[in-house]
Every structure is written in structure tokens, then in C-alpha cells.
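Asker: Dropping the structure in here first, questions after.
The values are calculated or read from the model by the stated rules, or taken from the named source; none is laboratory data. Only a predicted model underlies this, so the values are computations on that prediction, with no experimental measurement involved. Every residue, glycine among them, receives a Cβ derived from its backbone with ideal geometry; neighbour counts consider all protein chains shown.
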Amino acid sequence: MSESQSRYSIVERLTRAKLDIISAKANLDSDVKVTEQEVISLKEDLKDWENNVKSAIEKDKRDKQREIKRAERNANNCKDKKKVKENSYNEKVKAIDEALGRIEKISETAPAN
């Protein structure tokens, strides 16, 4: 009987070892699937990041273009204001020159005391 118990315990240990091996083998597939899923997830994260970066760059570019247009408008307005002020100053200088010319003529024709 001890021989049959010995065989029974050997068969039981071998069967348990076989089940452990089969279970470990099944876990290999699970481990591979988990790591493959991680790769897929990381690739999706990269695509999302790339899209976010592209969107951010496009937004920044639009903002910079608006800034440039605003600066160009300001520069054009400044040029226009300069022309208007130059014309005004030219008119004032012309008026002063005319007044000085009249005073000079009056001084020439007026009797000297």
C-alpha cells in the first residue's frame, strides 16, 4: 500500500507540476497581450500628443499672424498721422513765413525815425 500511496503522491505532484506549467504557459500569452496593449496605448498617446502639438502650433501661428497684422495697421496709422502732422507743420511754417514777409515789406516802406 505504501507503494501505491507513493505512486499516488508522485502522480499527484507531477499532475500539480503539469498544471502549474500549463498555468504559467497561459500567463505567457496574457503577459504578451498586456505588453502589446501597452505598445498600442503608447502609440495612441503619441498620436494624441502630435495632434495636440500641431493644434497648439497652428493656434500660436494664427496669434502671431494677428499680432503682425495689428502691428502693420499701427505702423500704417503712424505713417498717416505723420503725413497729416507734416502738412499741418508745413502750413504753419508757410503762414509764419508769410507774416515775416509782410513785416519785412512794412519795415521797408515805413519811415525810419
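Asker: Looking at Glu86, Glu108, which one is surrounded by 10 or more Cβ atoms within 10 Å (Cβ to Cβ) and without any contact (Cβ under 8 Å) to a residue 12 or more places away in the chain?
Answerer: One residue alone meets the criteria, Glu86.
Asker: List pairs: first residue in region 32-46 and surrounded by fewer than 10 Cβ atoms within 10 Å (Cβ to Cβ), second residue modelled with pLDDT of 95 or more and small (Gly, Ala, Ser) anywhere in the structure, Cβ distance under 7 angstrom, at least six positions apart or on different chains.
Answerer: Correct list of pairs: empty, since none qualify.
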